[in-house]
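Asker: So that we are looking at the same thing, I have put the structure below in structure tokens.
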Amino acid sequence: MVPTKTKPDVEGKEKEILSSIIVGYTTDIQTLEEENRILRESVNNLKKQLEKFQNPPLLVAEIKDLLDGNALIKLNNGNEFYVGLGPHLNDIAPGDSVLVEQKNLTVLRQIPVSKSFNVEKFVIIEKPTVSWSDVGGLDRQAEEIREVIELPLKKPELFEKVGIQPPKGILLYGPPGTGKTLLAKAVASATDSTFVEVVGSELVQKFIGEGAKMIKEIFQMAREKAPAIIFIDELDALASKRIDIGTSGEREVQRTFMQLLAEIDGFKPLGDVKIVGCTNRKDILDPAVVRPGRLDRLIEIPNPNHE
């Protein structure tokens with residue numbers, strides 16, 4: 001006889017089957033809930049991105065003046081408007097860059113001031129390790145450079161006591177490869193100054209006003225990193241004698257040159273910033289750059305002799 005299954009055995013088997021089915025459904029539900037959560041997060045992220053794209057862009061403006069809780073702003077196209085200020089704008093001041101709404105031009109927030117400069121890709125900024133002992137010969141020239149550049153940076157009180165203004169810079173001229181750059185690096189190292197090396201031809205830009213803007217930023221950067229020495233190589237590419245040529249390129253060179261003169265003579269004092277110009281063609285330089293009060297100390301760096 002075949003033994004028959006009792007009722008408790010059948011019920012136990014059915015319970016096991018139901019339990020396995022429930023466990024399978026529970027796992028499926030958990031998987032679906034996790035997928036649903038991921039999909040909801042994706043939808044929320046897409047909604048945020050859509051809202052971001054739907055928001056109109058803001059305009060960049062400059063604060064010209066603050067009047068009775070409002071502001072006089074200037075847009076990039078030159079138009080000026082008297083507009084309201086948004087909340088939490090207690091620290092803005094004339095000259096700050098701000099973001100304004102397109103329709104009513106309300107000032108919404110201030111643009112943080114960046115400490116980086118756009119000109120850093122055009123210049124070489126370093127702390128030289130060259131010493132005076134690395135310079136062979138040129139003793140007289142080195143002594144003149146130390147007198148004009150090193151002494152005012154190390155002992156400015158001597159000039160204050162006498163009541164005279166220290167020289168703003170020097171001009172090194174002579175054939176190529178005679179050590180002009182080496183001398184400039186040596187004096188920068190001796191005074192622990194930041195050495196900012198600029199090539200004059202790179203300051204002549206294609207678009208109007210770009211070269212003058214670069215000159216302004218270079219001097220601003222040098223003031224930030226003072227004491228500093230601005231070494232302008234190939235100065236004749238920028239400061240050659242001005243002639244009456246009506247080409248736009250020549251006019252742009254003259255604008256850049258005038259900005260250089262304005263920075264040397266400008267209202268912002270140079271302080272611990274000294275200028276060292278370098279050229280192979282002193283004869284074609286504009287007299288304005290070497291007049292008294294500018295690069296008025298001319299030092300010739302000749303070819304080496306037998307000594």
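Asker: How many of the residues in the range 123-155 are within 20 Å of residue 227 (Cα to Cα) and either touching a Gly at 6+ places or on another chain (Cβ under 9 Å) or in contact (Cβ under 8 Å) with a residue 60 or more places away in the chain (or both)?
Answerer: Counting residues in the range 123-155 that are within 20 Å of residue 227 (Cα to Cα) and either touching a Gly at 6+ places or on another chain (Cβ under 9 Å) or in contact (Cβ under 8 Å) with a residue 60 or more places away in the chain (or both) gives 13.
Asker: Another one. Listed residues 59, 72, 99; which is over 30 Å from residue 200 (Cα atoms), touching a Phe, Trp or Tyr at 6+ places or on another chain (Cβ under 8 Å) and modelled with pLDDT of 85 or more?
Answerer: On the way: 59 fails: touching a Phe, Trp or Tyr at 6+ places or on another chain (Cβ under 8 Å); 99 fails: touching a Phe, Trp or Tyr at 6+ places or on another chain (Cβ under 8 Å).
Only one candidate passes the filter, namely 72.
Asker: Here are the criteria: (1) in a loop (DSSP other than H, G, I, E, B); (2) touching a Gly at 6+ places or on another chain (Cβ under 6 Å). Tell me which single one residue 108 does not satisfy.
Answerer: Going through (1) in a loop (DSSP other than H, G, I, E, B); (2) touching a Gly at 6+ places or on another chain (Cβ under 6 Å) one by one, residue 108 breaks only (1).
Asker: List every residue pair whose Cβ atoms lie under 9 Å apart, where the two residues are 6 or more positions apart in sequence or sit on different chains, the first residue falls within the range 88-103 and is under 15 Å from residue 76 (Cβ atoms), and the second residue, located anywhere, is among the aromatic types (Phe, Trp, Tyr) and part of a strand (DSSP E or B).
Answerer: As it stands, the answer is 100/81, since those pairs meet every condition given.
Asker: Moving on to the next point. Is there a residue being of a type in the set (Gly, Ala, Ser) and free of Cβ contacts under 8 Å to residues at least 40 places away in the same chain anywhere in the range 203-214?
Answerer: Within the range 203-214, the subset of a type in the set (Gly, Ala, Ser) is 209, 211-212.
In the following step, the residues that additionally are free of Cβ contacts under 8 Å to residues at least 40 places away in the same chain were identified as none.
No.
Asker: Residue pairs, Cβ under 7 Å, 6 or more apart or interchain, first in the range 170-194 and closer than 24 Å to residue 288 by Cβ, second assigned to a helix (DSSP H, G or I). List them.
Answerer: If the second residue must be assigned to a helix (DSSP H, G or I), the pairs left are 170/145; 170/148; 170/149; 171/290; 172/180; 172/183; 173/282; 174/180.
Asker: On to the next question. Step by step: first the residues of the range 102-128, then only those that are of a type in the set (A, V, I, L, M) and at pLDDT below 80, then the one that is nearest to the chain's Cα centre (by Cα). Which residue is that?
Answerer: Taking the range 102-128 and keeping what is of a type in the set (A, V, I, L, M), we get 105, 107-108, 111, 113, 119, 123-125.
Remaining after also requiring at pLDDT below 80: 113, 119, 123-125.
Details: 113: 11, 119: 6, 123: 11, 124: 13, 125: 12 Å.
In this case the residue turns out to be 119.
Asker: Quick one: which residue in 219, 231, 195, 207 is more than 29 Å from residue 136 (Cα to Cα), among the aromatic types (Phe, Trp, Tyr), assigned by TED's automatic domain parsing to the domain that holds residue 275 and at pLDDT 85 or above? Let's see the steps before the verdict.
Answerer: On the way: 231 fails: more than 29 Å from residue 136 (Cα to Cα); 195 fails: more than 29 Å from residue 136 (Cα to Cα); 207 fails: at pLDDT 85 or above.
It is 219.
Asker: Can I ask one more? Go through the range 147-200 residue by residue and tally those that are surrounded by fewer than 13 Cβ atoms within 10 Å (Cβ to Cβ) and part of a helix (DSSP H, G or I). Let's see the steps before the verdict.
Answerer: Step one: of the range 147-200, the residues surrounded by fewer than 13 Cβ atoms within 10 Å (Cβ to Cβ) are 155, 157-158, 160-165, 175-177, 192.
Retained after the next criterion (residues that are part of a helix (DSSP H, G or I)): 157-158, 160-162.
Looking only at that region, the number is 5.
Asker: Within the group 169, 163, 246, which residue is more than 19 Å from residue 286 (Cβ to Cβ) and either in contact with an Asp or Glu (Cβ under 9 Å, 6 or more places away or on another chain) or at pLDDT below 85 (or both)?
Answerer: Numbers: 169 fails: more than 19 Å from residue 286 (Cβ to Cβ); 246 fails: more than 19 Å from residue 286 (Cβ to Cβ).
163 is the lone residue from the list that is more than 19 Å from residue 286 (Cβ to Cβ) and either in contact with an Asp or Glu (Cβ under 9 Å, 6 or more places away or on another chain) or at pLDDT below 85 (or both).
Asker: Right, here's the next one. Among the residues of the range 13-56, what is the count of those that are among the acidic types (Asp, Glu) and modelled with pLDDT under 85? Please lay out each step first, then the result.
Answerer: Step one: filter the range 13-56 for residues among the acidic types (Asp, Glu), giving 14, 16, 28, 33-35, 41, 51.
Narrowing the set further to residues that are modelled with pLDDT under 85 leaves 14, 16, 28, 51.
Number satisfying all stated conditions: 4.
Asker: Out of the residues in the range 260-307 that are at pLDDT 85 or above and polar (S, T, N, Q), which is surrounded by the most Cβ atoms within 10 Å (Cβ to Cβ)?
Answerer: In this case the residue turns out to be 279.
Asker: Quick check: is even one residue across the range 86-94 part of a loop (DSSP other than H, G, I, E, B) and β-branched (Val, Ile, Thr)?
Answerer: If we filter the range 86-94 for residues that are part of a loop (DSSP other than H, G, I, E, B), which is where we start, we get 86-94.
Next cut, β-branched (Val, Ile, Thr) only: 92.
Within the range 86-94, one or more residues are part of a loop (DSSP other than H, G, I, E, B) and β-branched (Val, Ile, Thr).
The values are calculated or read from the model by the stated rules, or taken from the named source; none is laboratory data. Computed from a predicted model, the values in this text were never measured in an experiment. No Cβ is skipped: glycine too gets one built from the backbone with ideal geometry, and neighbour counts run over all protein chains shown.
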